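The structure appears right after this line, and notes come after that.
Nothing in this text is a laboratory measurement; each read-out follows from the coordinates by a stated rule. Computed from a predicted structure; not experimentally measured. Heads up, the Cβs are rebuilt from the backbone with ideal geometry, glycines too, and the neighbour counts pull from every protein chain shown.
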């Protein structure tokens, strides 16, 4: 782990990082790009799906999924939706301002073990933010994977994240993308309309169940229905990976907020398999 | 002195023999226990094994008239805290003189966890120029009169905060804390016999067992040994056969004094697991006030929230940790107001399943130490005894048939 404790530092030590760039992704979601002031910190030993804790003195700490891949080490990127007091303060910052980071925490998607497999990446709403890390990892190491399907559901065309990037990746043949919106209020949406599960018929005939791994991230309500579709495709239970959200304060199994039964999402999660979901009560 | 020498030489002999036999150190420890007259615990839990401590497992005797003198001596080592009665309740308070101490108590309102994870403490200070971590000073804190259940509570907190990733704030406080235990007699709310925490073998520096006109003094750590060596003129190693008999009788008498018992505590985790959708949770959830008192008083509840505070001048501020409780509303609420545990039933279920079942999987032991605080303080009678009895009776309609 790279940002984490180095010699002489304690487990809660934060590292200052400078905002290099910001961009509005949707009305309330913004892209942030950070660089550590200490240039010797190089982010490469993390997995897509892991998260970091951002600290703003006077505001507090909050947990965010890392949305850049470990294959791109010069900077670290996040996607943030403005929903609470912390993100409100974060949105007021300007390029060049400092935030304090610690992490990466949790257990992410073990991409190296997925070499040679087909991937079905299912994203809903903000789920695209952690999955962007997976997509960019695939882009950088395309030769390691076989077919890659990307299914994305958004509320409306304006709510879809990374639209241009995903279409560009699809045009270059890196992924096969299928996009949908719940409701097309603009009348100009060229793709599918309906919830994300209605995209599955488009890929069903090409899925080879025994060599496919599914990666899911989205709002809590989405998991149940997506898992049903994946089980219909006969994807093995331990090859359905999903990243879950819980309240976290410490990131290291001390504060107790993310406990699900005896598991701490911050240590054993946020990535779980469907097999875990079946055996750990209350997971989804 | 001569006796000490024989003990050590016996031990060295065992060490040599075991090296020949290539026994591991744990086995060696069990052999050494066989040679010890006093086994204060029916079994020793293997995960916190410390070989060095077993060499220090010394026992002394102290006459009760010398005890005030001992207190005076120990006060010179740091700030002394001990059980004090005030407002009809006991609590660990600063001790100025020996007369303040009152060892005739069952439980304090808040256990010694307040010295390790205080209900509210600062972790970070900041102003416009930057931020600095806040750590406690190096002052030694000594807490005397801690009962076996509370020492077990500290051991459980140690595992959580120091076992995997070390919490620097806890670690500093723990290293500065000297724990001097004291024997106790149970009342009707004590269930430590059921939880197997009525005796303690490690986690303390010194432990005083009150036997008539004298104390048996157990040494549990290097720190404790150095205190004992300094107080050598008040202690004697000569413990007679009669006194050993007296100790055994006292133990038996104490063991018979327990009035409350958690039914089948050993199988409780299995019952919770097999009967996960039990109606019991809803029944108690209906009654629960979500007040959080159970977490405030529980010696192993440590969940905390982190909040930033800015001072009135808006120039500086601090970050603090505040004791939180999983029974409080919004405990599991994430940004965007999605609450994973919106009802009292699910939060109460988390509280009890985490304590009684899930802790076993993670740390090898449930995190209930049977201190009886929830039994004493829950205003609506939801406590480890009523919850586990209800769970047990639900699966076992005729309890006598299950015995």
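Averaging the Cα positions of each part gives two centres, and for segment A:7-80 and segment B:206-275 these lie 52 Å apart. Relative intensity of chain A on a log10 scale, I(q)/I(0) at q = 0.08, 0.16 Å⁻¹, equals -0.32, -1.35, per a Debye sum over C-alpha point scatterers of equal strength in the absence of solvent.
A straight chain from residue A:72 to residue A:183 at 0.36 nm per residue would run longer than the Cα-Cα distance by 36.5 nm.
For the protein assembly as shown, would you read off the P(r) tail past 46 Å as a percentage of all alpha carbon pairs? Everything past 46 Å amounts to 31 percent.
Within segment A:136-222, all pairs of alpha-carbon atoms sorted by distance into 10 Å bins from zero give the percentages 15, 47, 32, 5. A simple spin-label model places the labels of residue B:286 and residue A:155 3.8 nm from each other, with each point 7 Å out along Cα-to-Cβ. Convex hull volume of the C-alpha atoms in segment B:229-327, normalised per residue: 279 Å³.
Whole angstrom only: what separates the Cα centroid of segment A:194-209 from the Cα centroid of segment B:353-373? If we compute the Cα centre of each part, the gap is 45 Å. By its C-alpha gyration tensor, with a ≥ b ≥ c as the square roots of the eigenvalues, how is segment B:312-403 shaped: rounded for a/c under 1.5, else prolate for a/b larger than b/c, else oblate? Prolate. Shape of segment A:200-284 from its Cα gyration tensor (a ≥ b ≥ c, root eigenvalues): rounded if a/c is under 1.5, otherwise prolate when a/b > b/c, or oblate? Prolate, because a/c is 1.5 or more and a/b exceeds b/c.
A Förster distance of 22 Å, applied to the separation of the beta-carbon atoms of residue A:89 and residue A:40, puts the FRET efficiency at 0.20. Taking the DSSP beta bridges with both ends in the protein assembly as shown, the antiparallel portion is around 65 percent. A crude spin-label estimate for the pair residue B:266 and residue B:313, with each label 7 Å from Cα along the Cβ direction, gives 6.4 nm. Summary of the geometry: segment A:219-284 and segment B:97-136, compared by the centres of their Cα atoms, lie 36 Å apart. Taking max minus min of the alpha-carbon positions on each principal axis, segment B:154-300 gives extents of 60, 42, 27 Å, largest first. With a Förster radius of 35 Å applied to the C-beta separation of residue A:110 and residue A:9, the computed FRET efficiency comes to 0.85.
A Förster radius of 22 Å combined with the Cβ-Cβ distance from residue A:27 to residue A:221 puts the calculated FRET efficiency at roughly 0.55.
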